[in-house]
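Colleague: Handing you a structure now.
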Amino acid sequence: MRTTLKTTWRTIPAALIMVTSLSSFASEKANPLKNVESDIVIGSYMDAVTVGSIDLNKFLFADDFQYSNVNNNDSAGKKEYIKYLKANKGNKYDCKSSYEILSQDGKVCVAKATIAFDNFTRVDYITLNQGKDGWKVSKVETTYP
């Protein structure tokens, strides 16, 4: 009996260590955008669109993300838009880009991003919402003025 009890007391901590280490492997990678300001999230969006940097896409967009192109009535949800960005991974467009925050009030931010090519200009109006996982891009409306 004494040997069994001693073995049980050794087995319990070993099992706990194994369970905690396995659960740490199963947990998702920490969100690097969770505790950053809205301008960092907008900059990450701009990198995804203009230089094909897709590393942060899974943290960048809200689950209910909506994209729309007001010139041709095209629209997409999060899954479709991320698929589009992945297809353009690494593509560095020959353009000049800039953005400005138009309004930030509480947990909502609206920014205007201008992407100027030689022959045309693309303007994205970006809406971000702040939640428990930080700032997320929830809506993008693109126009070509």
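The values are calculated or read from the model by the stated rules, or taken from the named source; none is laboratory data. What you are looking at is a predicted structure, and each value in this text was computed from that prediction instead of being measured.
Colleague: In this structure, is residue 108 over 17 Å from residue 33 (Cα atoms) and modelled with pLDDT of 95 or more?
Modeller: On the way: over 17 Å from residue 33 (Cα atoms): no; modelled with pLDDT of 95 or more: yes.
In short, no.
Colleague: Moving on to the next point. Does residue 67 count as at pLDDT 95 or above and within 18 Å of the chain's Cα centre (by Cα)? Write out each step before concluding.
Modeller: Details: at pLDDT 95 or above: yes; within 18 Å of the chain's Cα centre (by Cα): yes.
Against the criterion (at pLDDT 95 or above and within 18 Å of the chain's Cα centre (by Cα)), residue 67 qualifies.
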